[in-house]
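Each remark here refers to the structure printed beneath this line.
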Amino acid sequence: MSRFLWILGGIILAAGLIWCVFFAFFNGEFLAGLWGLVPVIVVAALLFGLGEVLELLGEQQQQLNRLEQKLQDLLPEETETEPRLCKKCGTQLPPGGHTCPTCHHVNK
């Protein structure tokens, strides 16, 4: 998208320059042709700037995606959402544990 804006800005700038030169030399009003060049330059500059902003936003999005992936790699995987209970006495088992701390029953 940013490359498209750069190309569009270049086309508008070139067309504006050609139009202003044509108007200035063939119509005999040189200053009027220069004043017509001002909006063309402004529009082209806006398109070039917008292209740069979109390119920077794309780079930031890629950096955020890489950071999110690194943070996901650091977090432990959640395998269980509810605490497990001993099948014999009903006591809550320690995370990742299979042996009940109260009755010492091995839950599988």
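The values are calculated or read from the model by the stated rules, or taken from the named source; none is laboratory data. Values in this document were obtained by computation on a predicted structure and should not be read as measured data. All Cβ positions, even for glycine, are placed from backbone atoms using ideal geometry, and neighbour counts span all protein chains on display. Side chains are part of the model used for accessible areas, which takes the heavy atoms of the whole protein and leaves out ligands, DNA and RNA. Shrake-Rupley method; radii C 1.70, N 1.55, O 1.52, S 1.80 Å.
Points worth noting:
- In degrees, nearest ten, helix 2-27 long axis to first principal axis of the chain (Cα): 10 degrees
- Solvent-accessible surface of the chain, averaged per residue with a 1.4 angstrom probe and all protein chains in place: 81 square angstrom.
- The length gained on full extension between Thr99 and Leu85, counted as 0.36 nm times the residue separation minus their Cα-Cα distance, comes to 4.0 nm.
- Per residue Cα convex hull volume in Å³ - calculated over the chain: 115 Å³
- Arg3-Ala45 pseudo-label distance in nm [points 7 Å out on the Cα-to-Cβ vector]: 2.7 nm
- Per-q log10 I(q)/I(0), region 30-69, q = 0.18, 0.21, 0.22 Å⁻¹ (Debye; single scatterer per alpha-carbon; no solvent): -0.60, -0.68, -0.71
- Between Glu29 and Arg66, residue separation times 0.36 nm minus the direct Cα-Cα distance comes to 7.6 nm.
- Under 5 Å from the amide H of Leu85 lie the amide H atoms of Leu93, each residue being 5 or more positions distant or on a separate chain, with H modelled from the backbone and absent for Pro and chain starts.
- With at most 13 other Cβ atoms within 10 Å, longest stretch of the chain clear of loop GluC sites (Glu not before Pro) (DSSP): 30-76
- The apolar share of the surface of region 1-104, taken as the fraction of accessible area on carbon and sulfur atoms (1.4 Å probe, ligands and nucleic acids excluded), comes to 66 percent.
- Most to least packed among 4-16, 87-99 [average Cβ atoms within 10 Å]: 4-16, 87-99
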